[in-house]
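*Asks:* This is the structure I want to talk about, given as structure tokens.
The values are calculated or read from the model by the stated rules, or taken from the named source; none is laboratory data. Keep in mind it's a predicted model, so treat the numbers as computed, not measured. When we count neighbours, we look across all protein chains shown, and the Cβ atoms used for this are built from the backbone with ideal geometry, even at glycine. For the accessible areas, the whole protein counts, side chains as well, though only heavy atoms, and no ligand, DNA or RNA atoms are used. Shrake-Rupley method; radii C 1.70, N 1.55, O 1.52, S 1.80 Å.
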Amino acid sequence: MENAPIIGKPVSRLEGHLKVTGAAKYAGEYEADDLLYGYIVNSTITKGKIKSIDIKEVEQLDGIIKVFTHKNRPSTAWFDFQYADMDAPPGIVFKPLKDGEIKYNGQPIALVVAESFEMARYAAAKIKVVYETEEFETDLKHNLDKSRDPKKGLASLLKPPPPKPTGDFEKVYNNSFVQTDSQFSHGTEHHNPMEMYATTVIYEGRNKLKIYDKTQGTINSQMYVANVFGLKMKNVQVLSPFVGGGFGSGLRPQQQLFMAVMASLDLKRNVRVTLDRHQMYMIGHRPPTLQHTKFGADEKGKVQAIYHKAIGETSRFEDYVEIVVNWANMLYPADNTLLEHEVVPLDVYSPLDMRAPGGSTGMHAVEVTMDEIAYRLNIDPLELRLINYSEIDKSSDKEYSSKELRECYLQGAEQFGWNQRNPEPRSMKRGNKLVGYGMATGIWDANRILGRAEAMMNPDSKVEIKSAVTDIGTGTLTIMTQIAADTLGLPIEDITFSYADSKMPFAPIQGGSFTTATVGPAVQAACEALNKKLLKKAKNLDNSKMKDLTYKEVMFKNGFIFSKTDAENKISIAEIMKANKGKVIKTTHSAMPNPLTYGKKARAVHSAVFVEVEVDEELGVIEVKRALTAVAAGRIINPKTAESQVLGGMIWGISKALHEETILDHNLGRYMNSNLAEYHIPVHADIHDLQVLFVEENDRFVNDLGVKGVGEIGGVGIPPAVTNAIFHATGKRIYDLPIHFDRLL
């Protein structure tokens, strides 16, 4: 008798009704008695010092409770430890209101607390500040002489530096049949989630806080608050059940969290601090990055030498780095490599991980370079990838735990109709539109770390699963419920997944596409431990037929324990719980990779992307008419939510290629289009036919569920595929993103 699997079913989001009806509450929507509202005042200069800050007039206004500045802020217990949170890069974390020094434009310099949000915002505009300005540098391209190898630290465990050089790159490159030499760049991007940063702090007395925070890690925010303000961990509870978009913006505790907690502790009141859209551009961004590639290949297209260098922006106080140059040799097994990554410290706030950080940046350069080689040799770009196909990660000389990228290429090309492409640039037309086909490869790490979960069966045989993990809109609530239901052999209606509460069992920040692979096995392990307890109790029942059966000899289905060899030998869970006299049965379990074996194989998610563009021959206007992404990501727990994740990544990839860029005026050191009117993102009219194809892939090495991750992979291959399609359509090779129509005129 087989379990009817719930894993693999396209279950609709369990919280979907709450979200679409407006019943779901976000961090800035929780009600509290006598709630106060804070509004942050931001610096209007880029670098210098505050000579004076006049708050006397503001303090006299009706409804103003207090104005906090660097001169009167409460002292904090701890501000000097290098790593303030799980996602902090090497360096010294920024300290709001520490002193009068201005490090970047938009830095918070005061917090106005009032009886209403409107009053706080009005008063913030009345504060008079006199600055002493200093010269500043915000232009990456004009400060390349200051680039340096970034500092290493704990952050390098999740963001490893480039591998050491191999072979003799210069010699082999110079003797190669084909030599490419290309320079790439992309501008600054900001996350712009629909929900803006917000924190509501409920003061429960005696320095005990309940905090509703927009975060991608409740325990991360809890640790930050407890350590910064000298509180006991048990007295800080952080909740974030609904997150209106993360994309990396909520990985680090943001400044509204610090401000709200500071004010709440000082005033012993409930306080909410919310940022407006303009202020969202003052906290984190995908850094502008310059890249240089030089690939050498033989006459058959085999890549022999790879050079890839990236120079990215960072702040003066932290060395933010991404994995930009490590990817090419993970895909293409050249023996001669030289990979370099440097950063330029500038007078900006620290960049912040944005969906597929480094991968979205680096793979654009890699895959456009591969397209150049294909055209130079008159080889089909798809065929070139197959010529350079490898089952190992050459950068580590490790075999992949699984790699169905070849099937992604073949199945994706067939479904897209790649064979209909005329290889000659500018050869395909549709009316007055030039038509172009482009393709690219995508790759992203398939990692997992420690996660914990609790499984508790109640007297009514219903089960509650608990984990501190958040759900940033990816479907985590739904798929964890599916995993629990499958493991326990119960209908999905009998499972409740409670989450996003720092009081619950440990879960790391939700990012990097490792959440399902990390928390899923913990949920599975907790449920299996619960099953074993149920079996033990079943054995102890009077006249039990289960007495001599081991755990491997039974199965759990439809609320019963069955013998695998005798379907008539069964006992209901309800009967076991009835005999348990109303007591709950509870287990808590951890899951983590085996440190002795986990590093023995390379682990990655792969994709093949195919794109069709139309370019107006006279106006240069670009439209992505079709795009298909074929993904190999291990076992797909829920194809509906997984497809949604990949589609979202594809839309963002189109946006990165053609739309998104924050413009920084280097004379002012200020972002000039810090609003959704001038920061261009795709609208419905920009998005046409998008398809996702999941290629079957079995991988039990990464975890027992066979799960990888799909959050980032959808966006990695789209920008180069769009760029390559534009070249095929127009014959113009453009290396800078975003690509606007004026580049094609």
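*Asks:* Determine whether segment 41-48 contains at least one residue that is touching a helix residue (DSSP H, G or I) at 6+ places or on another chain (Cβ under 9 Å) and within 20 Å of residue 276 (Cβ to Cβ). Explain how you work it out, then say what you get.
*Replies:* Looking only at segment 41-48, we keep the residues that are touching a helix residue (DSSP H, G or I) at 6+ places or on another chain (Cβ under 9 Å), and these are 41-42.
Right, trim to within 20 Å of residue 276 (Cβ to Cβ) and you get 41-42.
Within segment 41-48, one or more residues are touching a helix residue (DSSP H, G or I) at 6+ places or on another chain (Cβ under 9 Å) and within 20 Å of residue 276 (Cβ to Cβ).
*Asks:* Could you list, ordered by first residue, the pairs with Cβ atoms under 8 Å in which the first is in segment 716-742 and on the phi < 0 side of the Ramachandran plot and at pLDDT below 95 and the second is β-branched (Val, Ile, Thr) and surrounded by fewer than 24 Cβ atoms within 10 Å (Cβ to Cβ), at least 6 apart or interchain?
*Replies:* Once the first residue is on the phi < 0 side of the Ramachandran plot and at pLDDT below 95 and sits in segment 716-742, its partners that are β-branched (Val, Ile, Thr) and surrounded by fewer than 24 Cβ atoms within 10 Å (Cβ to Cβ) give 741/621.
*Asks:* Taking segment 139-160 as the search range and keeping residues that are under 21 Å from residue 93 (Cβ atoms) and open to solvent by less than 90 Å² (accessible area, probe 1.4 Å), which one is nearest to the chain's Cα centre (by Cα)?
*Replies:* Here the answer is 159.
*Asks:* A further question follows. Tell me the helices (runs of 4 or more DSSP H) entirely within segment 163-279 that contain at least 2 residues that are under 19 Å from residue 354 (Cα atoms), in contact with a Ser or Thr (Cβ under 7 Å, 6 or more places away or on another chain) and open to solvent by 10 Å² or more (accessible area, probe 1.4 Å). I'd like the intermediate steps shown before the answer.
*Replies:* On the way: elements: 169-174, 218-229, 255-267.
The helices (runs of 4 or more DSSP H) meeting that bar number zero.
*Asks:* Can you pull out every residue in segment 100-131 that is under 25 Å from residue 344 (Cα atoms) and acidic (Asp, Glu)?
*Replies:* At the first step, the residues of segment 100-131 found to be under 25 Å from residue 344 (Cα atoms) are 100-108.
Within segment 100-131, just 101 meets the criteria.
*Asks:* Restricting the search to segment 633-668, which residues are more than 29 Å from residue 698 (Cβ to Cβ), open to solvent by 10 Å² or more (accessible area, probe 1.4 Å) and not in a helix (DSSP H, G or I)?
*Replies:* Once the filter is applied, which keeps residues that are more than 29 Å from residue 698 (Cβ to Cβ), open to solvent by 10 Å² or more (accessible area, probe 1.4 Å) and not in a helix (DSSP H, G or I), segment 633-668 yields 659, 660, 661, 663, 664, 665, 666, 667, 668.
*Asks:* Residue check, residue 230 against (1) modelled with pLDDT of 95 or more; (2) over 29 Å from residue 516 (Cβ atoms), all met but one. Which one?
*Replies:* Here residue 230 meets the rest and fails (1).
*Asks:* Same structure again: Being part of a strand (DSSP E or B) and not aromatic (Phe, Trp, Tyr) narrows it down to one residue among 310, 334; which is it?
*Replies:* Numbers: 334 fails: part of a strand (DSSP E or B).
None of the other options fit; the residue is 310.
*Asks:* Right, something else. Suppose we keep only residues that are touching a residue at least 40 places away in the same chain (Cβ under 8 Å) and of a type outside the set (Lys, Arg) within segment 562-571. Which one would you say is least open to solvent (accessible area, probe 1.4 Å)?
*Replies:* So in segment 562-571, the residues touching a residue at least 40 places away in the same chain (Cβ under 8 Å) come out as 562, 564, 567.
Narrowing the set further to residues that are of a type outside the set (Lys, Arg) leaves 562, 567.
Numbers: 562: 17, 567: 45 Å².
Looking at the filtered set, the residue picked out is 562.
*Asks:* Pairs only if they're at least six apart or on different chains, beta carbon under 7 angstrom, first in segment 333-346 and open to solvent by 10 Å² or more (accessible area, probe 1.4 Å), second of a type in the set (Asp, Glu); list them, first residue then second.
*Replies:* That search, which allows pairs on different chains as well, returns 336/168; 342/149.
*Asks:* Of the residues that sit in segment 398-440 and are in a strand (DSSP E or B) and open to solvent by 80 Å² or more (accessible area, probe 1.4 Å), which one is farthest from residue 721 (Cα to Cα)? Don't jump to the end; show me each part of the working.
*Replies:* Start the filter on segment 398-440 by keeping residues that are in a strand (DSSP E or B), which leaves 398-400, 429-430, 433-440.
Of the ones still in play, those that are also open to solvent by 80 Å² or more (accessible area, probe 1.4 Å) are 399, 429-430.
Details: 399: 27, 429: 19, 430: 20 Å.
Filtering segment 398-440 for residues that are in a strand (DSSP E or B) and open to solvent by 80 Å² or more (accessible area, probe 1.4 Å), the one farthest from residue 721 (Cα to Cα) comes out as 399.
*Asks:* Where residues in segment 450-472 are in contact with a strand residue (DSSP E or B) (Cβ under 6 Å, 6 or more places away or on another chain), among the charged types (D, E, K, R) and closer than 19 Å to residue 518 by Cβ, which of them is surrounded by the fewest Cβ atoms within 10 Å (Cβ to Cβ)?
*Replies:* My answer is 454.
*Asks:* How many of the residues in segment 656-678 are free of Cβ contacts under 8 Å to residues at least 60 places away in the same chain and of a type in the set (Ser, Thr, Tyr)? Talk me through it step by step, then tell me what you get.
*Replies:* Taking segment 656-678 as the starting set, the residues that turn out to be free of Cβ contacts under 8 Å to residues at least 60 places away in the same chain are 665, 667, 672-673, 677-678.
Narrowing the set further to residues that are of a type in the set (Ser, Thr, Tyr) leaves none.
Counting residues in segment 656-678 that are free of Cβ contacts under 8 Å to residues at least 60 places away in the same chain and of a type in the set (Ser, Thr, Tyr) gives 0.
*Asks:* Can you run down the residue pairs with Cβ atoms below 7 Å, 6 or more apart or on separate chains, where the first is in segment 7-24 and of a type in the set (Val, Ile, Thr) and the partner is open to solvent by 60 Å² or more (accessible area, probe 1.4 Å) and part of a helix (DSSP H, G or I)?
*Replies:* Once the first residue is of a type in the set (Val, Ile, Thr) and sits in segment 7-24, its partners that are open to solvent by 60 Å² or more (accessible area, probe 1.4 Å) and part of a helix (DSSP H, G or I) give 11/640.
*Asks:* Suppose we keep only residues that are assigned to a loop (DSSP other than H, G, I, E, B) and open to solvent by 10 Å² or more (accessible area, probe 1.4 Å) within segment 352-373. Which one would you say is farthest from residue 158 (Cα to Cα)? Even if it seems obvious, please write down each step before you answer.
*Replies:* Initial filter on segment 352-373 (assigned to a loop (DSSP other than H, G, I, E, B)): 352-358.
Cutting the leftovers down to open to solvent by 10 Å² or more (accessible area, probe 1.4 Å) gives us 353, 355, 357.
Values: 353: 12, 355: 15, 357: 12 Å.
Among residues in segment 352-373 that are assigned to a loop (DSSP other than H, G, I, E, B) and open to solvent by 10 Å² or more (accessible area, probe 1.4 Å), the one farthest from residue 158 (Cα to Cα) is 355.
*Asks:* Which condition from (1) farther than 20 Å from residue 515 by Cβ; (2) in contact with a strand residue (DSSP E or B) (Cβ under 6 Å, 6 or more places away or on another chain); (3) assigned to a helix (DSSP H, G or I) is the one that residue 693 breaks?
*Replies:* The number of the failed condition is (3).
*Asks:* Return yes when residue 349 is part of a strand (DSSP E or B), open to solvent by 10 Å² or more (accessible area, probe 1.4 Å) and not polar (S, T, N, Q) and no when it is not.
*Replies:* Values: part of a strand (DSSP E or B): no; open to solvent by 10 Å² or more (accessible area, probe 1.4 Å): yes; not polar (S, T, N, Q): yes.
No; evaluated as a whole, the condition is false for this residue.
*Asks:* Oh, and also: Show the residue pairs meeting these rules: Cβ distance below 8 Å; 6+ apart or different chains; first residue within segment 601-617 and among the basic types (Lys, Arg); second residue assigned to a strand (DSSP E or B).
*Replies:* 601/398; 601/399; 601/400; 603/400; 603/445
*Asks:* So how many residues does segment 710-723 have that are out of contact with any Phe, Trp or Tyr (no Cβ under 6 Å at 6 or more places or on another chain) and open to solvent by 10 Å² or more (accessible area, probe 1.4 Å)?
*Replies:* Qualifying residue count for the region: 2.
*Asks:* Between 615, 707, 695, which is open to solvent by less than 10 Å² (accessible area, probe 1.4 Å), over 30 Å from residue 745 (Cβ atoms), over 22 Å from the mean Cα position of the chain (by Cα) and among the aliphatic types (A, V, I, L, M)? Lay out the reasoning, then the answer.
*Replies:* Numbers: 615 fails: over 30 Å from residue 745 (Cβ atoms); 707 fails: over 22 Å from the mean Cα position of the chain (by Cα).
Testing whether each residue is open to solvent by less than 10 Å² (accessible area, probe 1.4 Å), over 30 Å from residue 745 (Cβ atoms), over 22 Å from the mean Cα position of the chain (by Cα) and among the aliphatic types (A, V, I, L, M) leaves just 695.
Per-residue answers, yes or no, for (1) among the aromatic types (Phe, Trp, Tyr); (2) buried (at least 24 other Cβ atoms within 10 Å of the Cβ); (3) within 25 Å of residue 159 (Cβ to Cβ):
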site	(1), (2), (3)
474	no, yes, yes
484	no, yes, no
496	no, no, no
509	no, yes, yes
520	no, yes, yes
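*Asks:* Give the number of residues within segment 276-315 that are among the aliphatic types (A, V, I, L, M) and out of contact with any strand residue (DSSP E or B) (no Cβ under 7 Å at 6 or more places or on another chain). Reasoning before the result, please.
*Replies:* So the first thing to find is which residues in segment 276-315 are among the aliphatic types (A, V, I, L, M), and the list is 280, 282-283, 290, 297, 303, 305-306, 310-311.
From what's left, out of contact with any strand residue (DSSP E or B) (no Cβ under 7 Å at 6 or more places or on another chain): 280, 283.
Residues in segment 276-315 being among the aliphatic types (A, V, I, L, M) and out of contact with any strand residue (DSSP E or B) (no Cβ under 7 Å at 6 or more places or on another chain): 2 in total.
*Asks:* In addition: Which residues, taken from segment 535-557, are in a loop (DSSP other than H, G, I, E, B) and either open to solvent by less than 70 Å² (accessible area, probe 1.4 Å) or modelled with pLDDT of 95 or more (or both)? Give the derivation first.
*Replies:* Filtering segment 535-557 down to residues in a loop (DSSP other than H, G, I, E, B) leaves 540-550.
Listed by number, the residues that qualify are 541, 544, 546, 549, 550.
*Asks:* Quick one: count up the residues across segment 572-610 that are surrounded by 14 or more Cβ atoms within 10 Å (Cβ to Cβ), out of contact with any Leu (no Cβ under 8 Å at 6 or more places or on another chain) and of a type in the set (A, V, I, L, M, F, W, C).
*Replies:* 4
*Asks:* Can you tell me how many residues in segment 522-534 are open to solvent by 10 Å² or more (accessible area, probe 1.4 Å) and of a type outside the set (Asp, Glu)? Walk me through it before giving the result.
*Replies:* Keep residues of segment 522-534 that are open to solvent by 10 Å² or more (accessible area, probe 1.4 Å), which gives 524-525, 528-529, 532-533.
Now drop any that are not of a type outside the set (Asp, Glu), which leaves 524-525, 529, 532-533.
Of the residues in segment 522-534, 5 are open to solvent by 10 Å² or more (accessible area, probe 1.4 Å) and of a type outside the set (Asp, Glu).
*Asks:* Looking at segment 452-466, is at least one residue under 19 Å from residue 584 (Cβ atoms), part of a loop (DSSP other than H, G, I, E, B), without any contact (Cβ under 8 Å) to a residue 12 or more places away in the chain and over 23 Å from the mean Cα position of the chain (by Cα)?
*Replies:* Of all residues in segment 452-466, those under 19 Å from residue 584 (Cβ atoms) come to 452-466.
Right, trim to part of a loop (DSSP other than H, G, I, E, B) and you get 458-462.
When the remaining residues are screened for being without any contact (Cβ under 8 Å) to a residue 12 or more places away in the chain, the result is none.
The answer is no; no qualifying residue exists.
*Asks:* In contact (Cβ under 8 Å) with a residue 60 or more places away in the chain, buried (at least 21 other Cβ atoms within 10 Å of the Cβ), within 30 Å of residue 94 (Cα to Cα) and polar (S, T, N, Q), is that true of residue 293? So that I can check it myself, show each step before the final result.
*Replies:* On the way: in contact (Cβ under 8 Å) with a residue 60 or more places away in the chain: yes; buried (at least 21 other Cβ atoms within 10 Å of the Cβ): yes; within 30 Å of residue 94 (Cα to Cα): no; polar (S, T, N, Q): yes.
It is false that residue 293 is in contact (Cβ under 8 Å) with a residue 60 or more places away in the chain, buried (at least 21 other Cβ atoms within 10 Å of the Cβ), within 30 Å of residue 94 (Cα to Cα) and polar (S, T, N, Q).
*Asks:* With respect to residue 56, determine if the residue is touching a strand residue (DSSP E or B) at 6+ places or on another chain (Cβ under 8 Å) and open to solvent by 20 Å² or more (accessible area, probe 1.4 Å).
*Replies:* Details: touching a strand residue (DSSP E or B) at 6+ places or on another chain (Cβ under 8 Å): no; open to solvent by 20 Å² or more (accessible area, probe 1.4 Å): yes.
Spelling it out, it is not the case that residue 56 is touching a strand residue (DSSP E or B) at 6+ places or on another chain (Cβ under 8 Å) and open to solvent by 20 Å² or more (accessible area, probe 1.4 Å).
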